[in-house]
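Structure record follows, encoded as structure tokens.
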């Protein structure tokens, strides 16, 4: 059954803990600003919020919201250092995401053993 059909029929979608974690990560990575922040952190760790703000054409409060989403998704972590908050990439979170993608854990079971081209390219 397709997702549209599920929505029309209001059938509940059962998600595992891993599914929810993947959804949060994919959602966080689907935003260009958050992806830019993640790239910046990959080049400069740890990085204080002020340094991140200075490289983006956004208000500090907006950048803080993006950092919050990345943190809640398990892609970054933060810690206090004096009056500043420092941010770094969560290597364990990214390793988990990489493992899920490489093992195709986000795909239905019937698709995991198939060739990627067969599934996504007509």
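The values are calculated or read from the model by the stated rules, or taken from the named source; none is laboratory data. As the structure is a prediction and not an experimental result, all values here were calculated from the model. All Cβ positions, glycine included, derive from the backbone under ideal geometry; neighbour counts span all protein chains shown.
Within segment 14-30, take every residue that is in contact with a helix residue (DSSP H, G or I) (Cβ under 8 Å, 6 or more places away or on another chain) and part of a helix (DSSP H, G or I) and give me the one that is farthest from residue 93 (Cα to Cα). Full working, then the answer.
As a first pass, look at segment 14-30 and keep what is in contact with a helix residue (DSSP H, G or I) (Cβ under 8 Å, 6 or more places away or on another chain): 15, 18, 21-22, 24-25, 27-29.
Those left that are additionally part of a helix (DSSP H, G or I): 18, 21-22, 24-25, 27-29.
Details: 18: 12, 21: 10, 22: 10, 24: 11, 25: 9, 27: 14, 28: 13, 29: 13 Å.
The extreme case among them is 27.
Please enumerate the residues belonging to segment 87-118 that are closer than 30 Å to residue 52 by Cα and either at pLDDT below 90 or part of a helix (DSSP H, G or I) (or both).
In the first step, residues of segment 87-118 are kept if they are closer than 30 Å to residue 52 by Cα; the result is 87-101.
Answer for segment 87-118, where residues must be closer than 30 Å to residue 52 by Cα and either at pLDDT below 90 or part of a helix (DSSP H, G or I) (or both): 91, 92, 93, 94, 95, 96, 97, 98, 99, 100, 101.
Would a scan of segment 69-77 turn up a residue that is assigned to a strand (DSSP E or B), modelled with pLDDT of 90 or more and surrounded by 13 or more Cβ atoms within 10 Å (Cβ to Cβ)? Steps first, answer last, please.
First, the residues of segment 69-77 that are assigned to a strand (DSSP E or B): 76-77.
Adding the requirement that they be modelled with pLDDT of 90 or more leaves 76-77.
Narrowing further to those that are surrounded by 13 or more Cβ atoms within 10 Å (Cβ to Cβ): 76-77.
Yes.
Residues of segment 78-87 being under 20 Å from the mean Cα position of the chain (by Cα) and either under 23 Å from residue 26 (Cα atoms) or surrounded by 13 or more Cβ atoms within 10 Å (Cβ to Cβ) (or both), which ones?
Restricting attention to segment 78-87, the residues satisfying the condition of being under 20 Å from the mean Cα position of the chain (by Cα) are 78-79, 86-87.
Matches in segment 78-87: 78, 86, 87.
In segment 31-50, which residues are modelled with pLDDT under 85 and assigned to a helix (DSSP H, G or I)?
Answer for segment 31-50, where residues must be modelled with pLDDT under 85 and assigned to a helix (DSSP H, G or I): 49, 50.
Would you be able to say whether some residue in segment 57-66 is under 23 Å from residue 96 (Cβ atoms) and in contact with a strand residue (DSSP E or B) (Cβ under 9 Å, 6 or more places away or on another chain)?
No, that holds for no residue.
Read through the list (1) at pLDDT 85 or above; (2) assigned to a helix (DSSP H, G or I); (3) within 25 Å of residue 23 (Cβ to Cβ), then give the number of the only condition that residue 58 fails.
Unmet condition: (2).
Among (1) farther than 29 Å from residue 103 by Cβ; (2) at pLDDT below 90, where does residue 5 come up short?
Unmet for residue 5, out of (1) farther than 29 Å from residue 103 by Cβ; (2) at pLDDT below 90: (1).
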